[in-house]
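The values are calculated or read from the model by the stated rules, or taken from the named source; none is laboratory data. This structure is a prediction, so every number in the text was calculated from the model and none was measured. So basically every Cβ, Gly included, is an ideal-geometry build from the backbone, and we count neighbours across all protein chains shown.
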Amino acid sequence: MTLDNLLKTRADLEERIRKLIGRAAMIIELDLFALPCGCSGYTANTRGLALDDLEVFEEHFLKLLNESAQAVNISTGFVFARIIPGTQEIAALNVRELCPRCYSDFASTRGKRPRPDIYIFHLARRKR
Ligand SMILES: [Zn+2]
């Protein structure tokens, strides 16, 4: 993984989302992260995306996010969007490899909206 690769991945993801939804949307920042609990992944901070877009193009978004995560060597165990609370605006798209504790928190929930600020595209279930 190089920074050039990260820059290219951000640009590719943005371009493909624009083509998909047919209007301007921005990835204003693509961040790789590692958390104290053991989770890691990437966050693509977005502007101009709405919950409707995700619901209409869900399969396409999941494919795009999986592919861009692979481009920066992140495994795609948990793919979700963060919604700005009280709005239909998407704040960020996330691909995260969950630590065991966070996995059990999310695995015990149901549905696509376990919390008002989260929209789940995909959660890979682990064997117990
Ligand atoms: Zn965690």
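For residue 104, are the conditions met, namely being more than 16 Å from the ligand (Cβ to nearest atom), of a type in the set (Gly, Ala, Ser) and in a helix (DSSP H, G or I)?
For residue 104, the condition - more than 16 Å from the ligand (Cβ to nearest atom), of a type in the set (Gly, Ala, Ser) and in a helix (DSSP H, G or I) - is not met.
Scanning region 23-37 for residues that are within 16 Å of the ligand (Cβ to nearest atom) and over 13 Å from the mean Cα position of the chain (by Cα) yields 34, 35, 36, 37. Scanning for something among the hydrophobic types (A, V, I, L, M, F, W, C), more than 16 Å from the ligand (Cβ to nearest atom) and either in contact (Cβ under 8 Å) with a residue 60 or more places away in the chain or more than 26 Å from residue 4 (Cβ to Cβ) (or both), does region 38-45 turn up at least one residue? Checked region 38-45: no residue is among the hydrophobic types (A, V, I, L, M, F, W, C), more than 16 Å from the ligand (Cβ to nearest atom) and either in contact (Cβ under 8 Å) with a residue 60 or more places away in the chain or more than 26 Å from residue 4 (Cβ to Cβ) (or both).
Is there a residue in region 92-110 that is over 11 Å from residue 41 (Cβ atoms), of a type in the set (D, E, K, R) and without any contact (Cβ under 8 Å) to a residue 12 or more places away in the chain? There is at least one residue in region 92-110 that is over 11 Å from residue 41 (Cβ atoms), of a type in the set (D, E, K, R) and without any contact (Cβ under 8 Å) to a residue 12 or more places away in the chain.
Residues that are hydroxyl-bearing (Ser, Thr, Tyr) and crowded, with 19+ Cβ neighbours inside 10 Å were ranked within region 65-101; the one that is nearest to the ligand (Cβ to nearest atom) is 76.
Does residue 31 satisfy the condition of being of a type in the set (Asp, Glu), under 22 Å from residue 15 (Cα atoms) and in a helix (DSSP H, G or I)? For residue 31, the condition - of a type in the set (Asp, Glu), under 22 Å from residue 15 (Cα atoms) and in a helix (DSSP H, G or I) - is not met. Flag: residue 121 matches the condition of being away from the ligand (no atom under 15 Å from the Cβ), at pLDDT 95 or above, of a type outside the set (Asp, Glu) and not in a helix (DSSP H, G or I). Take residue 62 and tell me if it is crowded, with 17+ Cβ neighbours inside 10 Å and either closer than 25 Å to residue 6 by Cα or without any contact (Cβ under 8 Å) to a residue 12 or more places away in the chain (or both). Answer is no for this residue. Whether a residue is more than 16 Å from the ligand (Cβ to nearest atom), touching a helix residue (DSSP H, G or I) at 6+ places or on another chain (Cβ under 7 Å) and free of Cβ contacts under 8 Å to residues at least 60 places away in the same chain was assessed, and residue 20 passes this test.
Evaluation of residue 37 against the conditions (1) at pLDDT below 95; (2) part of a loop (DSSP other than H, G, I, E, B) shows that the sole unmet condition is (1).
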